[in-house]
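Let me begin by presenting the structure, written as structure tokens, before commenting on it.
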Amino acid sequence: MLNGAALPDSNGCLEGFNRKNKQSERTAFGYSNFINLLTRIRLEENQYKEKEPNSLLMTA
């Protein structure tokens, strides 16, 4: 306990990530596919990038 007060290191970031994931699991209860849960977690963490629009336009 003294180390927690004396040292500058903290696991707060990891605890926050775990809390978000547990909340996502509660929200996703009943999903029929585990991949859907992983997708939800990645969407909430902004790890998915938007798809680039198709560039099928004709260029001269």
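The values are calculated or read from the model by the stated rules, or taken from the named source; none is laboratory data. For clarity, every value in this text was computed on a predicted model and none was experimentally measured. Cβ: placed from backbone, ideal geometry, glycine included. Neighbour counts: every protein chain shown.
Does ALA60 meet the test of being modelled with pLDDT under 80, loosely packed, with under 10 Cβ neighbours inside 10 Å, hydrophobic (A, V, I, L, M, F, W, C) and not in a loop (DSSP other than H, G, I, E, B)?
Judged against the criteria, ALA60 is not a match.
Given (1) on the phi < 0 side of the Ramachandran plot; (2) at pLDDT 70 or above, identify the lone condition not met by ASN46.
Here ASN46 meets the rest and fails (1).
Residue pairs, Cβ under 7 Å, 6 or more apart or interchain, first in segment 8-35 and farther than 16 Å from ASN46 by Cβ, second surrounded by 10 or more Cβ atoms within 10 Å (Cβ to Cβ). List them.
Here the result reads GLU25/LEU37; ALA28/ASN36; ALA28/LEU37; ALA28/ARG40; TYR31/LEU37, each pair linking segment 8-35 to a residue that is surrounded by 10 or more Cβ atoms within 10 Å (Cβ to Cβ).
Every residue in segment 8-41 that is touching a helix residue (DSSP H, G or I) at 6+ places or on another chain (Cβ under 8 Å) and on the phi > 0 side of the Ramachandran plot, please.
The answer is none; no residue qualifies.
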